[in-house]
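The values are calculated or read from the model by the stated rules, or taken from the named source; none is laboratory data. All values derive from a computational prediction rather than experimental measurement. Cβ placement follows ideal geometry from the backbone for every residue including glycine, while neighbour counts extend to all protein chains displayed.
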Amino acid sequence: MDIVYTAKAVCDKAYVPAERYGLAVSEQIIGGNGTYNNPYVYEVTLTNNGECEWNGVFHTEILSKKHKPEFFMPAFMYSRNRGDTPSEGMRLYPRLSEEFDKPRSPYWMVRGDRLSHPVVIVYDEGKITGVSASPYWTLNNSEKRDVIGREYEFYRYAGYSCNLKRKTGKGEYCSIGYTLGYENAPWLFVDSSTVRQEPFEEKNCFSVSAGETVRFNMYIYEFDSDNITDINRIIENTYYRYHEIQQKSADIKKTVRDIATAISEDAWIDESKGYSLFVFDNNTEEHFRELGSVSWTNGLSVAVPMLMSSVRLGNEKMKKQALLCIDNIVKNCMNEKSSLPYDAYSDGKWSVRGWWYNGMKTGGHSGYLAGQAVYYILKAYEFMKQYCGMDFSEWISFAKKIADKLYGETNSDGEYPYILSEKTGAGLEYDSFGSTWCMTAVLYYMWITKNYDYLSGVKKSEKHYYDNYVAKCVCYGGPLDISKGVDSEGILAYIRAVKILHQITGDDIYIKHMKDAIEYEFTFKFCYCSPVMVPPLSKTGWSSCGGSVTSVVNPHIHPMSSTIVDEMLYYTGHTDDEYVNERIRDVLLWGCQTYNHYDGEYDYGKRGWMSERYCYSEGLLTEKYPDGSPASTWFALMPWAGASVIEGMTGDVWDRIL
C-alpha cells in the first residue's frame, strides 16, 4: 500500500505533488492494525510553508496493485455501477470504465455528501482496502477541524475519489482517495438530464494560510477476504465512528395519525376509489395529479398501510377508503389474457402504460409491480384476519392466479421476469433484481395457504438471486424509471422473501442471507446528519440519518426503506445483532421528523403532508421556489411516501412500543 499526496490550486488544471505549492506533508500511524474493526489510524499533518494563503483541493490517494478492482462508495458507486454493460438508450448515471465516454469514466471524485457513509472501499482478488475520513470540516474557535456535528460551525465539504487507471512513474494502479475541499469530476450529476462539467471555483476549495498547520485522521483498512460482503464490516465500523442521532420531533402514534389523516383527508379521490400520486396546494398546477398504479407509487402500496393505520387508530372513514381502493383493484385490474394485473390506471382505464412506460426498452406487464401487488394484497389479508377477524377469501383467489402465472414464467436460472407479455403473460425480459417481488409474492402465498408445492423451485430462485446479486453487493433493476441502475428498492423485496423462507423452513442460511441483504440496504442509508445548504431542508432541522438514497441514478432520499421495519425486527429476534437494532431506531426517528408537523413547515402544504424527495446533496435539485431559486424537496403531498413511513410503524413496532 502506497499513499500519494497531490494538490490542485484554484487557478490550476491538474493535480501535482503537494510540495510544489510549498505544502509539507507528514504522516504517522497512531493506532490500529488495519482490520475491519480496528483500522490503521493515520494522522496526517499538512503545513503551508509558503508566503501566502493556498486555496485548492488536497488529495490523498491510497494506491493498490491492480487486478480486477471493484469499488464501493456507499450510495454512489457499486463495483463499477454496471459500467461494463451496454448503455445504449439508457439513462445517464455515473459508471466506472476503462473507457472515457460520458457517462463512463475511469475515475470519479465527489463531494462528501454524495456518500451515505464517509468511506471508499476497493475489493480486488481477495483483498479489501478502504479509507474513511470526515465528510466535512468545521470551525471551532476559527480552527479548522475534521469534527462533525451540529454544535460546530460548518466550514467546507471534503471529498472522496476512486480511480481505475491511476498512472504513476512506477506503472498503473487503482486508487481510492480523500480530499480536503472537493471536486465533482469528471462531471457533476444533478440528474440524468443534467450532467455537466463543474467549474473549479472558490466554493470547492480548502484554504491553508501561510504558516498554518492542519491535522486530520484517516482510518485505513487493509485485510484479506474471500467475500465482497465483508465490505459491510467496514460500513459498520464507519457507522459507529460518525453516527449522529437525529432530532426527535414526534412519537410514532402521532406520526401515524398526522400522515394517515393527511392522506385520507387530502389525497382521496372518490370517483376513482383511490389516491392521488401528487397533491398540490398552489394555483400553478392542478390540485390532483392522479397517475394511478396497481402498486409501487400508488394503489396498494398506499391502501394497505392506510388500512393498517385505520385499524390502529380506530378510524372508520380511513378504513372504508382503503377497503374501497383494494376492492376496486381486485375486481377491475386483472388482464384475463395474461392472468396478470394491469400496472396503471388513468382516464377510467387500466393498462400497462404507466407514467414510466416511455422510459422502458420493452413494453408489457412489470414483474416488479405484479409481485408487489400480490404481496400487499396478502399483507392486508393477514393483517385483517389477525386484528379484525375478517377473512377476505377473494383476495386469496386474486393472489393465487397471479402467483401461479409468475412462478410458471421463471427461466432456467430460476429468475423471474422483469417484463411479461400483455397478450400472453410470457416472460419477455429478465436480468433484473427487481423481479424478486415475484418470488416474494409466491412465497407469501405459500406461507398464507400452507401449500408448499413451489418450494423447491423458489429455493433455486433465491439461491440465484443471492449468488448473482446480493453476494456481489450489486443489486439493480428495481425502480422501472432508472434503466436497471443500481438501487436500494429491489432488495426490500428480497429481504421480505428470505424472512418468509426462514419462517417456512427454519433453515438459518436464510438468516445469514437476510443479514447480507439488510446490510446491502444499509449502504444507502445515511449514518450521519449531512449539512444541507438548500431550503427548506436547510432550515427545518431535517436529518439525513436514517433515510436511504433511492439509487445511483436518482440521488435523493426517499422513504421506501421504512417499509421493512418488521423484517428487521424479525432478524434481530433471531440474532443478537445490536447494530441492526441501532439502524431500526434511525429509521423510526427519521420517519418521525421528515413530514410537515404543522402547516407550511417545509414551505408547502398542511400538517401531515410529505413528499418523496429529500435532496441531501447537489443531486436532483430541480424543484424551484417561485423566485427561481432551488428547493431541496418537492412541494407536494405524495401518499405513497407517507404510506411507506406508516407501514413500518403500524406492524410489529406498534405492538412492541405502544
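Please list, ordered by first then second residue, the pairs with beta carbon atoms under 8 Å, 6 or more apart or interchain, first in the stretch 179-197 and under 12 Å from Leu621 (Cα atoms), second of a type in the set (Gly, Ala, Ser). The qualifying pairs are Phe189/Gly619; Val190/Gly619; Asp191/Gly619.
Residues in the stretch 193-203 include none that are of a type in the set (Gly, Ala, Ser) and within 21 Å of Ile62 (Cα to Cα).
Among the conditions (1) assigned to a loop (DSSP other than H, G, I, E, B); (2) free of Cβ contacts under 8 Å to residues at least 24 places away in the same chain; (3) within 28 Å of the chain's Cα centre (by Cα), the only one that Gly414 does not satisfy is (2). Checking Ser346, Ser339 one by one, the residue that is at pLDDT below 95 and over 28 Å from the mean Cα position of the chain (by Cα) is Ser346 and no other. For the criterion of being within 26 Å of Gly605 (Cβ to Cβ) and in contact with a His (Cβ under 7 Å, 6 or more places away or on another chain), Phe280 passes.
Summed over the stretch 212-242, residues that are in a loop (DSSP other than H, G, I, E, B) and either buried (at least 18 other Cβ atoms within 10 Å of the Cβ) or in contact with a strand residue (DSSP E or B) (Cβ under 8 Å, 6 or more places away or on another chain) (or both) total 2. Hey, does the stretch 615-630 have a residue that's surrounded by fewer than 24 Cβ atoms within 10 Å (Cβ to Cβ), in contact with a strand residue (DSSP E or B) (Cβ under 9 Å, 6 or more places away or on another chain) and not in a loop (DSSP other than H, G, I, E, B)? Yes, that holds for at least one residue. Total residues in the stretch 567-577 satisfying the condition of being assigned to a helix (DSSP H, G or I) and in contact with a helix residue (DSSP H, G or I) (Cβ under 8 Å, 6 or more places away or on another chain): the figure is 6.
Does Gly211 count as modelled with pLDDT of 95 or more and on the phi > 0 side of the Ramachandran plot?
Details: modelled with pLDDT of 95 or more: yes; on the phi > 0 side of the Ramachandran plot: yes.
Criteria met by Gly211.
Cβ separations smaller than 6 Å between residues 6+ apart or across chains give no pair from the stretch 621-635 residues that are without any contact (Cβ under 8 Å) to a residue 12 or more places away in the chain to residues that are outside any loop (DSSP other than H, G, I, E, B) and among the polar types (S, T, N, Q). Which ones in the stretch 100-123 are assigned to a strand (DSSP E or B) and in contact with a Ser or Thr (Cβ under 8 Å, 6 or more places away or on another chain)? Selection gives Arg104, Ser105, Tyr107, Trp108, Met109, Val110, Arg111, Val119, Val120, Ile121, Val122, Tyr123.
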